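Beneath this line is the structure, given in structure tokens, with notes to follow.
The values are calculated or read from the model by the stated rules, or taken from the named source; none is laboratory data. These numbers were taken from a predicted model, which means no experiment stands behind them. With ideal geometry, Cβ positions are generated from the backbone for all residues, glycine too; neighbour counts draw on all protein chains shown.
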Amino acid sequence: MDVIAKATSMVGAAMVALRRGRAPTDKAMGSAPAIPAARAQGIMTLKMPTAHGWPEGRVPTAAPGLKVNAFASGLEHPRWIEVLPNGDVLVAEALLQADPPKKLMDHAMQATMRRAGAIGRSANRVSLLRDPDGDGVAEERRTFVENQRQPFGMALVDGTFYLGNTDGIVAFDYADGADRLDGPGRKLVDFKPGGHWTRSLIASPDETKIYAGVGSLSNIGDDGMEAEEGRAAIWEYDIVSRQARIFASGLRNPVGTAWEPSTGKLWTVVNERDGLGDETPPDYLTSVKDGGFYGWPFAYWGGIVDDRVPQDAELVARTIQPDYALGGHTASLGLCWMPEGTLPGFGAGMVIGQHGSWNRSTLSGYKLIFVPFADGKPSGPARDILWGFLSEDEKLSYGRPVGVKVGPDGKSLLMADDVGNVIWRVTGA
């Protein structure tokens, strides 16, 4: 494995050097992005910084007027956050557990991801954090749920706690203030595990339904579309009827979801396909329509055909163009709605945790960003909230942003950092 890792590093460095001079200088971002023409890569660019963690005394850089502190540290790959009505903060601790590699490229990718701390042993638990004195640091930590299968998304509805494992949604009875939930939970919905493994959850505003993001198995249907059945989609679970259905599809890896309050629309962030260039296609933020199809794997950005894939002309014609581009390979995962007045200097809009790229010549993402909204849609360029997660030479990652939530005080943001093993708290300075 060391030999494979070294070979991967050498080949990856060669591909990065070869492509850096041809890389686009402008990012494909915004409502009308300039997306470069696709360049089939053959050997995919592999560039991922080595997971390092935060040196003593170092923290992310916050935008002017803001400050950041560690709400909790010493966690084990914290990925997703849920804030309960009583102020308890839940954090899902989980990690990709990769299947045995089948191809040389699988070996290469896994070696790269292992060095970056992106695959390995998964804690498979949800921890509960409490800050009883309200000083912005959690003094209490307990195991809330354990022995799950790569837990991720969470939702609490009317005394029932819903948890998104990679293989489905489970439910537990919950009483206000509970420190721990025992047992495996009641299985409500089955999902195919593996591949893009995260399963985010969000309850509808009227608390009658649960929505779950289920990513694809592969990059572009590499193992055939039968293997992708039920994937690359957002699912809807009806709490009353106990029936589940696909709500929207053609979404390669929809992770974070959030409600825009003025229109009542569901929004998501999606990780797009690899192997076509540094900025092609961009990851995106989009509203999601019931029955909508968003292109994967046949096309991207509203109908640009991916000629590596056997085509379906009817689905390409139905493809909905996303609302807002987030740059190529930023791995935009976390998403929450931030109301007006949460952070000074920032209005209402969507906050996005960009986990960061692994397959482009110049790294992208590795930030917590804000997209302003007006009249129910994006209304201007994105702004950085937190950055500084990478070393200047891009060789080390101190942290990687993932899930984000408005804090229990309504005047802060909480963000999971799964390389730094920290929950960061952002407030006014």
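Numbers for the structure displayed
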| quantity | calculated |
| --- | --- |
| Single residue of LYS405, LYS377, LYS367 found to be out of contact with any Gly (no Cβ under 6 Å at 6 or more places or on another chain), surrounded by 14 or more Cβ atoms within 10 Å (Cβ to Cβ) and within 14 Å of THR330 (Cβ to Cβ) | LYS367 |
| Residues located in the range 38-80, provided they are part of a strand (DSSP E or B), closer than 18 Å to ARG114 by Cα and among the charged types (D, E, K, R) | ARG79 |
| Pair list, Cβ < 9 Å and 6+ apart or interchain, from the range 365-390 residues that are farther than 20 Å from TRP54 by Cα to residues that are of a type in the set (Phe, Trp, Tyr) and outside any strand (DSSP E or B) | PHE370/PHE346; PRO372/PHE346; ARG383/PHE346 |
| ALA248 being more than 16 Å from the chain's Cα centre (by Cα) and under 20 Å from PRO151 (Cβ atoms) | no |
| Residue in the range 418-429 that is farthest from the chain's Cα centre (by Cα), counting only those that are assigned to a loop (DSSP other than H, G, I, E, B) and hydrophobic (A, V, I, L, M, F, W, C) | ALA429 |
| Verdict on ASP131 being crowded, with 18+ Cβ neighbours inside 10 Å and more than 24 Å from the chain's Cα centre (by Cα) | yes |
| Residue within the range 360-369 that is modelled with pLDDT under 95, in a loop (DSSP other than H, G, I, E, B) and over 18 Å from GLY388 (Cβ atoms) present | yes |
| Any hit, the range 302-320, residues being buried (at least 19 other Cβ atoms within 10 Å of the Cβ), among the charged types (D, E, K, R) and at pLDDT 95 or above | yes |
| The range 174-228, subset free of Cβ contacts under 8 Å to residues at least 60 places away in the same chain and of a type in the set (Ser, Thr, Tyr), residue nearest to ASP306 (Cα to Cα) | SER218 |
| Filter result (under 19 Å from GLY256 (Cβ atoms) and outside any loop (DSSP other than H, G, I, E, B)) within the range 280-298 | PRO282, ASP283, TYR284, LEU285, THR286, SER287, VAL288 |
| Segments classed as strands (runs of 3 or more DSSP E), wholly inside the range 136-179, with at least 2 members that are touching a Lys or Arg at 6+ places or on another chain (Cβ under 9 Å) | 140-145, 160-165, 168-173 |
| Meets criteria (under 21 Å from the mean Cα position of the chain (by Cα) and either among the small types (Gly, Ala, Ser) or surrounded by 17 or more Cβ atoms within 10 Å (Cβ to Cβ) (or both)) for GLY221 | yes |
| Residue check for GLU226: among the acidic types (Asp, Glu) and part of a loop (DSSP other than H, G, I, E, B) | yes |
| Within the range 27-57, considering residues that are among the charged types (D, E, K, R) and within 23 Å of the chain's Cα centre (by Cα), the one modelled with the lowest pLDDT | LYS47 |
| Tally, over the range 299-348, of residues that are assigned to a strand (DSSP E or B), among the β-branched types (Val, Ile, Thr) and touching a Phe, Trp or Tyr at 6+ places or on another chain (Cβ under 6 Å) | 0 |
| Top-ranked residue in the range 184-207 [being over 13 Å from the mean Cα position of the chain (by Cα) and β-branched (Val, Ile, Thr); ranked as surrounded by the most Cβ atoms within 10 Å (Cβ to Cβ)] | ILE202 |
| Residue that is hydroxyl-bearing (Ser, Thr, Tyr) and closer than 28 Å to VAL83 by Cβ, where the choices are THR330, THR362, THR319 | THR330 |
| The range 54-92 - residue that is among the aromatic types (Phe, Trp, Tyr) and over 17 Å from SER412 (Cβ atoms) and, of those, surrounded by the fewest Cβ atoms within 10 Å (Cβ to Cβ) | TRP54 |
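Residues checked against (1) β-branched (Val, Ile, Thr); (2) under 15 Å from the mean Cα position of the chain (by Cα); (3) farther than 25 Å from GLY376 by Cα:
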| residue | (1), (2), (3) |
| --- | --- |
| VAL255 | yes, yes, no |
| TRP267 | no, yes, no |
| THR280 | yes, no, yes |
| TRP296 | no, no, yes |
| TYR300 | no, no, no |
| GLU314 | no, no, yes |
| ALA317 | no, no, yes |
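Residues checked against (1) basic (Lys, Arg); (2) crowded, with 18+ Cβ neighbours inside 10 Å; (3) out of contact with any Cys (no Cβ under 9 Å at 6 or more places or on another chain); (4) closer than 18 Å to THR319 by Cβ:
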{"residue": "LYS209", "(1), (2), (3), (4)": "yes, yes, yes, no"}
{"residue": "ALA212", "(1), (2), (3), (4)": "no, yes, yes, no"}
{"residue": "MET225", "(1), (2), (3), (4)": "no, no, yes, yes"}
{"residue": "ALA232", "(1), (2), (3), (4)": "no, yes, yes, yes"}
{"residue": "ILE239", "(1), (2), (3), (4)": "no, yes, yes, no"}
{"residue": "ARG242", "(1), (2), (3), (4)": "yes, no, yes, no"}
{"residue": "ARG245", "(1), (2), (3), (4)": "yes, no, yes, no"}
{"residue": "SER249", "(1), (2), (3), (4)": "no, yes, yes, yes"}
